[in-house]
Amino acid sequence: MVDRRSLVLVLGTLPGEESLRRVEYYAHPRNLFWPIVFGLFGSAPPASLYAEKLDFVLSRRIALWDVCESGQRLASADATIRGETPNAIDTLIAAHPGIRAIAFNGSGARRLYERHFARRPELFYLALPSTSPAYASLGFADKLARWSELRDVLRPG
């Protein structure tokens with residue numbers, strides 16, 4: 001999900017089982033992505049309207065995608081992703097020259113990106129903690145504080 005206003009591309013790894021079932025980014029009810037992104041801007045996510053969540057991130061100039069188009073893994077465990085096919089991220093960036101940063105939602109996304117793509121010198125890269133419930137070593141407040149880097153990248157200047 002991207003539009004002409006996008007400045008930052010947030011990359012996950014591969015949709016989890018609940019996201020695939022619901023055809024929604026970060027659909028698992030314990031995934032902190034939506035509360036964190038809304039919290040960065042002093043808002044709370046709508047309870048159930050996915051379209052409103054998408055409109056919110058796009059209006060904040062945030063694009064969402066996954067590093068992988070497909071792959072095999074056990075359940076929703078990012079560490080088990082194998083035989084992946086990457087998405088056409090280079091093509092997306094070329095088609096949206098306003099994107100000036102890539103933010104990795106967790107080390108798995110960063111690892112997979114670096115396996116398939118070279119870092120581009122014109123882009124700024126953010127390694128952010130995973131919002132997945134599987135990454136429980138940081139709580140919500142700590143993750144929100146670390147994700148504030150994303151908001152900082154969106155500031156003019």
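Under unit Cβ charges (Lys, Arg +1; Asp, Glu -1), what dipole magnitude, rounded to 20 debye, does the chain have relative to its Cα centre?
Roughly 260 debye for the chain.
Taking the mean number of other Cβ atoms within 10 Å as a proxy for protection, how do you rank 48-54, 93-99 from highest to lowest?
93-99, 48-54
In percent, what relative contact order does the chain have, based on Cα pairs under 8 Å that are 6 or more apart in sequence?
32 percent
Distances over 28 Å make up what percent of all Cα-Cα pairs in the chain?
Of all Cα-Cα distances in the chain, 13 percent exceed 28 Å.
Enter the accessible area of F140 (Å², nearest 10), with the probe set to 1.4 Å and all protein chains included.
Accessible area of F140: about 90 Å².
What is the spin-label model distance, in nm, from A79 to F117 if the labels are put 7 Å beyond Cα along the C-beta direction?
That separation, rounded to one decimal, is 2.5 nm.
Per residue of the chain, what 222 nm ellipticity follows from adding -39500 (n - 2.57) for every DSSP H run with n ≥ 4, rounded to the nearest 500?
The helix contribution divided over the chain gives -10000 deg cm²/dmol.
Over segment 70-141, what is the relative contact order in whole percent, taking alpha-carbon pairs under 8 Å and six or more residues apart?
Result for segment 70-141 is 27 percent.
The values are calculated or read from the model by the stated rules, or taken from the named source; none is laboratory data. Quantities reported herein were computed from a predicted structural model and do not represent experimental measurements. Positions of Cβ are generated from backbone atoms using ideal geometry, with glycine treated the same way; all protein chains shown enter the neighbour counts. Ligands, DNA and RNA are stripped out before the accessible areas are found, and what is left, the full protein with its side chains, is counted by its heavy atoms. Shrake-Rupley method; radii C 1.70, N 1.55, O 1.52, S 1.80 Å.
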